Structures are given as C-alpha cells and as structure tokens.
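I have placed the structure first, in the form of structure tokens, so that the comments after it can refer back to it.
The values are calculated or read from the model by the stated rules, or taken from the named source; none is laboratory data. On a predicted model such as this, the values are computed, not experimentally measured, just so you know. Note that each Cβ is placed from the backbone with ideal geometry, even for glycine, and that neighbours are counted across all protein chains shown.
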Amino acid sequence: MTDDELLLFHLSDGLSAERVAQIQTALASDADLRKRLAHLQADLTTLNAKADVALPEPVQQRLQLKLRQLQSASMAPARAPFWHLPRTQSAWLLPAFAASAGALVMWLYTHQGAMPNTQPLALAPATATSAQAQTMSLPALRAHLLQTQTLLETFDPTSSQERALLGEIIAQNQNYAARAQQLGRADLARVLRALEPVLVEVENINEPSARAALIEQFEFEANSLQTKLQARASKQAPKTI
Amino acid sequence: MLLTNSRRTPLAVAFFAASSLTGVAHAQASATPVAVQQAEQDAAQQRDRRRMPSDDEALAIAALRALMSAPPERAVPLIERTLRLQKSDLVKARALFVLGQINSQAARMLLLKSAQELSGRLQLEAIRSIGIGGDSGSIAALPAIYANGSPAVQGAVLEALLIADSKPMVMQLALTAKNPKQLEPVLNTLAAMGAVEELRQLGARGIGGDKLVHAFAVAGDLAGLLNIARTHADSGLRAKAIRGLGIIGTPAAKAAMLERYQNAKTALEKSAALEGMLIANDQKSVLTLYRNSKTAAEKREVFSTLSKMGGDAALEAIDAALQGQTP
C-alpha cells in the first residue's frame, strides 16, 4: 500500500469504496500501517499549520500541466458561455482529480523538497463515492484554494481549456460551499459563496488590469479564510470540519 | 474532492457579478439626470474597484489580513480607525471584509453602521461583508437598507442574502416587491439559492408570472416546471416551461421534453420542446424525433434543430438525408 493511497484514504478522496474498505481492514490489523498513516496525518497537520505554502514555480507549472492533461483527457468541450448546463458525471470527476493533485503536490513537496521536473505525479483513479464525500478535510479545502490561486496567477482568458478549467473550479467551489453548509460550517460556506462571483468575473472579464485586480481581491479573501482556518486549527483538531 | 452536486447555478451569481456592484444598467435605463449621475458614480466606483493596490495600499492590506488572527478587542479599534482615517477606498473595502470575519458585537455593530451610513462602493462592500459574516441580527436589518437603496444597493443586499443563504429574507423581499422589474432579480436570487419551496409558494399566490418559470428552471424544479407544462391554461407559459426543462437537462428532464413534444397541443409547444433539447444538447432525442417524423415539414424542423446541434447524430442525419434515406 503506497503513501499516496493512504493520503487519499485520509482525505476521503479518489479511492473506490472497495479500496477504502480494504484499507480500513488492513488498518484494523496492521500496527505499522496505522503508524504510517499517523505520520502522514502529522505531516499534513504540519503543512496545515503553515499559513502560506508557496509552491516553487516548477511545481506550480507541473501542477498546471497535469491539470490540463487531465482536462484534455476527460473534459467535454468548453462550456456554453452564458448559461451553465448541468454537468455530466465525467465532468464532475475532473475536480476530484484536480483536488487530489493539489493535495498530493503539497504533500510531496513538503516530503521531498522541490521535485525533479520529470517526475510524474502519482494519481489514484478518481472514483469518489457519495460516502467518501461525507467529510471535507481542511488540507483538501486549502488545496482547493491554492489550486485556484495557482490557476489564476497565469490565467489566460483566451484559452478555452483554461476557461473550462476555471469553470470546473467554480463548480468545485460551489460543492465545497454546499458541503461546508451541510457539515455545519456556515461561516466557511458563506466565504466560499462570496468568492464565487469574483471567480465568475475573472472568467468573463477581458481587461487585464481589471482581471488582475479581481485576482488580488480573490487572493486577499482566500488567504484571509486560510488565516481563519489556521487560527481555528490551532485551537481544535484540524483534520475535518 | 468529489462532493455533492449543488443546485445553485452560477447563472444568477453571474448576474450579480455583472450588475449588483454597478447598477449601471438599471440607472441608464431610467436616463433621468439623477440616474445618469448615479450611473457615472457607479462607473467610477467600478473603475476604482478594478485596480491593483499601490505599494502603500498593499502594505496596509497585508496588515489588515494579519488582523484576522488578532483578538477582536485589539482588531476592531484598528479597523475603525482605518475606516475613519484611511484615504484609499480599496484599503477600506478590505477592512470591511476583515470586519465581517471578526466574531464580536463591536465588529458587528461597526459593520452594520457602515452599511447604513456609508455610500457608494464602501456601502456595497459593507453589505456584502454582512452577508459573509452571517450575523442574523445584521442580516435582519438588510431589508430596510434594500427598501431605501438604489438599484446597486438593492443588488448588493440580494447578493448578501444569497451569500448568507437567507431564503426567508429573500422571500420577504419577493412578497413586498413593488413591480415586476423589482421582482425579477429577487426571483433570480431565489432560483440561485435553489429555493424551490419558496418559488412554488410564490406561484401559488400568482406572483411572478413568466419570470417564475425561468426561476423554476434555474432552481432545477423539474416537478414544478412539468406541472406548468402539462396543466397551465396559457399555452405560451406551457411552452416556456417546456423550454425550461432544457436548462435542467437531467435525464428525467430530457425524457419529459420528449414526452411533451409527442403530446404537444400546439406547434408552439413542439418548437419549445425542440429548443429545450437544443439547450440540453439532447441529440439522441432529436434524432429519435427525426426518425419518427411523419410529415416533411416536421422532418425539416427537427432536422434544422439537429444541424444546429452538430455532433455525430447530426452528421448521421445529414449523411442519410443526402442519400435520400432516414438514419
């Protein structure tokens, strides 16, 4: 069993129900495996405790490249421009890949330092189930915000792929808001809902300076949210909301 | 993470993003001198909102962010001073956001006072921050601000209520709307919230008319739309409801459109079903209809829809038509 699988198990993401059950069974009987999982959780807690995780440029580039590869492999054509039709199940899988990639990149970076550019990202198949969506880990939410900021920093509105990816991130943001609401974290849900129109404006605005200003606003508000998460995490158990 | 599919659509949110913080369109539509002045002010605010901070402003904004983790009794006086003395509206706007995130009575009171007494962009930011903060007492004060506010302020209040997920408050605004123009953005807000029950209540009271049909569609209320599509006396409204099924676009909605086409009482309803299928990109149903078309006129109309869709089904039909066959 790889660390990546354990990490995905911890994040409740990207593993089939069958695989989750296998890991649960193994954890029940294997003390060493439990210890490995505990180390991983500790690492993530340490990562979570850093207010800002600045990924080095090569890692950011690789993350974006990976997201685009995933997108081109699994995405439908770009969305309709002014009404947002309900998405297919396959389109909904992309954010799961994307969030997993974000979380994994953060974890790998803190474990291995700057990774060689040629090293492929290890991604488990994204077959998340509704049962796995019942929890939302703070590292995953932070990864979502980080991933969004990473995309926005170099966002090219003339690229249909990047617009489609931003559209998926907006949809993912909605999902996080909905889950936060369901899990009783209305405070997080409200901030995420407030961020959505900013992202929609970024997606649709043409003037570069205005777009840069909107991105600055997004970064301020997202970073403020992370500061709040950090403050809460230092007082309480940090894993899940 | 793959999470549950929210019914909230970005459609209404995009509406707010485009209009609530400016109100330009509303003001220009009126074209009175006051409205023109308001539009000019709104445009200036928009320009200021959409600019990058200077170095000094960036430093002040970084300091504000640090206040997020400071004790409220220390942070609130500093923000109050910033709002009073700082010259930059950009910095003040960020200060209002931080204020909305502080959990203290003093912060809530200062934010509400800002929403009530400030003007222009900063008032809009304060209203938004109340929505983000989510304090029920402050949110309860928003309808009064809405009642006396400009279209831009009204848009900001609706956005705040959307952020706060306060369906009862939006419902209250729907019930007290003075005219259809004022009601429409309120309906859009309810739709964006997925407030199906509230929309149905409005429908039962005869409020909303054809705008309500669109709201049902955006809110994803398949049963509500189908009820109108099947039973409403007005054929125009039935057609709008059928078209709205295309916005929902789920397999059940697609099946309903096909059924409505096959049982349509008027040509308008048939055309609406085809338009709905076009919106939902339901090539399979349209191809089925094409194959089953009984008259040349019907075949032409369905073929026209197929060709607008493009895709494999359309090419298959075009190829067959060129060969004088039915695919």
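So, residue B:254, is that one part of a helix (DSSP H, G or I), of a type in the set (D, E, K, R) and within 14 Å of chain A (Cβ to nearest Cβ) or not?
yes
Grab the helices (runs of 4 or more DSSP H) fully contained in the stretch A:141-241, keeping just those with 2 or more residues being of a type in the set (Asp, Glu) and more than 8 Å from chain B (Cβ to nearest Cβ). Spell out how you get there, then give the answer.
On the way: elements: A:160-182, A:186-204, A:208-235.
Filter on the stretch A:141-241 gives A:160-182.
For every residue, the table says whether it meets (1) of a type in the set (Gly, Ala, Ser); (2) in contact with a Pro (Cβ under 8 Å, 6 or more places away or on another chain); (3) crowded, with 22+ Cβ neighbours inside 10 Å; (4) at pLDDT below 90.
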{"site": "A:117", "(1), (2), (3), (4)": "no, yes, no, yes"}
{"site": "A:123", "(1), (2), (3), (4)": "no, no, no, yes"}
{"site": "A:135", "(1), (2), (3), (4)": "no, no, no, yes"}
{"site": "A:176", "(1), (2), (3), (4)": "no, no, yes, yes"}
{"site": "A:195", "(1), (2), (3), (4)": "no, no, yes, no"}
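From the list B:218, B:213, which one is within 14 Å of another protein chain (Cβ to nearest Cβ) and closer than 19 Å to residue B:186 by Cα?
None of the others qualify; the one that does is B:218.
Just checking, does the stretch B:116-129 include any residue being surrounded by fewer than 22 Cβ atoms within 10 Å (Cβ to Cβ) and farther than 26 Å from residue B:81 by Cα?
No, there is no match, as no residue in the stretch B:116-129 is surrounded by fewer than 22 Cβ atoms within 10 Å (Cβ to Cβ) and farther than 26 Å from residue B:81 by Cα.
Looking only at residues in the stretch B:47-83 that are among the polar types (S, T, N, Q) and in a helix (DSSP H, G or I), which one is farthest from the other protein chains (Cβ to nearest Cβ)?
Filtering the stretch B:47-83 for residues that are among the polar types (S, T, N, Q) and in a helix (DSSP H, G or I), the one farthest from the other protein chains (Cβ to nearest Cβ) comes out as B:82.
Are any residues in the stretch B:50-105 under 19 Å from residue A:228 (Cβ atoms) and touching an Asp or Glu at 6+ places or on another chain (Cβ under 7 Å), and if so, which ones?
B:93, B:96, B:97
If residue A:167 satisfies every condition in (1) of a type outside the set (Phe, Trp, Tyr); (2) in contact with a His (Cβ under 8 Å, 6 or more places away or on another chain); (3) within 18 Å of residue B:133 (Cα to Cα) but one, which is the exception?
Only one criterion in (1) of a type outside the set (Phe, Trp, Tyr); (2) in contact with a His (Cβ under 8 Å, 6 or more places away or on another chain); (3) within 18 Å of residue B:133 (Cα to Cα) is unmet by residue A:167, namely (3).
Give the residue, chosen from B:227, B:281, that is closer than 27 Å to residue B:192 by Cβ and outside any helix (DSSP H, G or I). Please lay out each step first, then the result.
On the way: B:227 fails: outside any helix (DSSP H, G or I).
Criteria check complete, one pass: B:281.
Within the stretch B:257-301, can you find the residues that are at negative phi, surrounded by fewer than 23 Cβ atoms within 10 Å (Cβ to Cβ), within 14 Å of chain A (Cβ to nearest Cβ) and of a type outside the set (A, V, I, L, M, F, W, C)?
Selection gives B:275, B:283, B:284.
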